[in-house]
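All remarks here apply to the structure that follows.
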Amino acid sequence: MDSKRLVFYLRFALALFVVATTMAVSCPEPDPPTPDPTPTETKSAERKQLEAAYVEGFYLKGRCALPFDLVSFQRAINPGRKTYRIQSDDQSRYLNIRYNGTVPSAINDEVECEIHYSLAAGESTTLIVKLVVVKTSEEYLWLWNEFQKVGVIVQRL
């Protein structure tokens, strides 16, 4: 290779180096990463209906399927057995809950429950479901399962 070509390639390489260095120095710093947004809890319409309700009883898809009333129902609570029961006087409609674990008492407490219920004479349904306390008062708990859209408003044990 002759000296003229060598000088040309060296000048060209030096010019490329100067241009690349200038461009690198003049680039703005990248923006700092944005923090992940805080997850917000979205409540289903059915859960909102349960939380707005005040009638003790069993709720399916946000509606009270088995309301307790003092005139035609009886209530039994057994803290030792961790059970809660309401039933109509003729025993055709009932709700029986057995807590499998620590009985819940505060918001966000979770408990697995066996729920047996009958909404009409001759029919009976059993659920094993995890419920979460979504609301409390001095006397009542609002328990909810989002996946099955099942909830109860029960007296505290």
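The values are calculated or read from the model by the stated rules, or taken from the named source; none is laboratory data. Here the structure is a predicted model, which means the values were calculated and not measured. Heads up, the Cβs are rebuilt from the backbone with ideal geometry, glycines too, and the neighbour counts pull from every protein chain shown.
Going through region 104-128 one residue at a time, which ones are buried (at least 17 other Cβ atoms within 10 Å of the Cβ) and touching a Phe, Trp or Tyr at 6+ places or on another chain (Cβ under 9 Å)? Residues satisfying the conditions are Val111, Cys113, Ile115, Tyr117, Ser118. Among the residues making up region 80-95, those that are of a type outside the set (A, V, I, L, M, F, W, C) and assigned to a strand (DSSP E or B) are Thr83, Tyr84, Arg85, Gln87, Ser88, Tyr94. Of all residues in region 108-140, those satisfying the criterion of being in a strand (DSSP E or B) and among the aliphatic types (A, V, I, L, M) are Val111, Ile115, Leu127, Ile128, Val129, Leu131, Val132, Val133, Val134. Applying a threshold of 7 Å to beta carbon distances and a minimum spacing of six or more residues, or different chains, the list of pairs starting in region 101-119 at a residue that is under 16 Å from Lys82 (Cβ atoms) and ending at one that is part of a loop (DSSP other than H, G, I, E, B) and basic (Lys, Arg) reads Val103/Lys82; Ser105/Arg156.
Going by the structure shown, is Leu70 loosely packed, with under 10 Cβ neighbours inside 10 Å, closer than 30 Å to Ile115 by Cβ, modelled with pLDDT of 70 or more and not aromatic (Phe, Trp, Tyr)?
Details: loosely packed, with under 10 Cβ neighbours inside 10 Å: yes; closer than 30 Å to Ile115 by Cβ: yes; modelled with pLDDT of 70 or more: yes; not aromatic (Phe, Trp, Tyr): yes.
Yes.
Please tell me if Leu141 is without any contact (Cβ under 8 Å) to a residue 60 or more places away in the chain, among the hydrophobic types (A, V, I, L, M, F, W, C) and farther than 18 Å from Arg47 by Cα. No, not satisfied.
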